[in-house]
Amino acid sequence: MTERSRGSAGAVLLLRLEEGEDLRQAIVSTIEAMGWGAASVVSAAGGLTRIAVQLAGAEVPTVIPGPFEIASLSGTVSGDGTLLVLLATNSRGEAVGGQLTEGTLATGSCLVVLLELVGVSLEGQEEPEDDSLGLRFDEIEG
């Protein structure tokens, strides 16, 4: 059964990463520092020197040297868990994506737009029966 949680959009923040900064760590620590209970990635653009993602069905993250460009980054961050999914392309136009893990490093031209989610709880989400991402909910929580 689909659950709905009503809330409202709060502040918008433009996060500009410095060369060598970890993308996931920067997003999570910024949201914590802002005191936001939950947030969503609105958009992201820029370069990555390497990516670290957990591919669908994989037991451990895969680290791939770049350079890469962010094609898409989406997901949510809250005290109840973080799920960020990255799709990036290399110089040959090949794409790779998966759950963003620590170890994805930005070039000096990486921007992420974050939106505060006010009054929204991500707590108590149940693992969907159709696990099309290949992820278990206990993986998403950590």
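Every number here is computed from the coordinates shown, using simple stated rules; none is lab data. Values in this document were obtained by computation on a predicted structure and should not be read as measured data. Here the Cβ is made from the backbone with ideal geometry for all residues, glycine too, and neighbour counts use every protein chain on show.
How far apart, in nm, are the 7 Å Cα→Cβ label points at THR62 and ARG6?
4.3 nm
For region 9-119, what mean projected area does the convex hull of the alpha carbons give, in nm²? Present the calculation step by step, with values, prior to reporting the outcome.
Values: hull surface 26.3 nm².
The orientation-averaged projected area of the Cα hull of region 9-119 comes to 6.6 nm².
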